[in-house]
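Rule-based calculations on the coordinates, nothing more; no lab input. In this text, all values refer to a predicted model and were calculated from it rather than measured experimentally.
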Amino acid sequence: MNALDGAVELLDRSLAYTRVALAAVSDDDLGRPTPCAGWDLDRLLAHMEDALDAFGEGAAGEVRLRGAATAAAPRVRRLQRKACDLLGVWSDDPPPRTRIGSHPVDTSVLALAAALEITVHGWDVARSLGLDHPVPDDLADRLLPVARALVTPADRGRRFAGPRPGAGRAGPAVRLLAFLGRDLTGPVGEDSPITDTGPPVAS
């Protein structure tokens, strides 16, 4: 299996995980707080939709940098459909390199970033809804090195809070979320900050 095939396989697993949480969202849930400080579920879903659009473009070889998707009904159903369609786009022989703005990157790296972002925001959605839907440890175990490679100190305080302490002996899922600044114990709505600006790397 080459690097791109492995990345697309990981993307498949991330989408399968996150689609469970998205399937549970209704329009009545959009005002719920999320683990992203100051963000309600509607704003998080808008960010996710914009990311899905960008990752879909990436499979064609170029990501056009832009702001977040604008709110429009029916957001929930549209986002669910885009999550279902994304894997098909990535399975259709993407190019080896993709341009993000003016910067070329290996397409496999973009697929890994997509898998990371989609998984973590799937957890955010599940936590917002109060669902018992932890990230599977085998998925988290594969995403941990991706997170460590892609999340830099410059991202802290802008896309992510600092890593949470005390997760050294925990399982892979807890270590992944703690590394990305997620608080598994505090109230929903007071966890890590995210923004919807910049290139599509996990946030």
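Taking a ≥ b ≥ c as the square roots of the eigenvalues of the Cα gyration tensor, the stretch 79-177 is classed as oblate, since a/c reaches at least 1.5 and a/b does not exceed b/c.
With θ taken as phi - 60° and the Karplus curve 6.51 cos²θ - 1.76 cosθ + 1.60 applied, the whole-hertz 3J(HN,Hα) list for the stretch 85-101 is 7, 4, 4, x, 5, 6, 7, 9, 6, x, x, x, 10, 10, 9, 10, x Hz, x standing for glycine and proline. Spread over its residues, the convex hull of the C-alpha atoms of the stretch 26-135 is 106 Å³ per residue.
Fully extending the segment from Ala16 to Ala60, taken as 0.36 nm per residue of separation minus the present Cα-Cα distance, adds 13.7 nm. In this structure the amide hydrogen of Val63, modeled in the peptide plane, comes within under 5 Å of the amide hydrogens of Arg99, Ile100, Gly101, none closer than 5 places in sequence on its chain. Find the relative contact order for the stretch 17-150 and round it to a whole percent, using C-alpha pairs within less than 8 Å whose residues are 6+ positions apart. Taking the mean separation of contacting Cα pairs over the length of the stretch 17-150, I get 32 percent.
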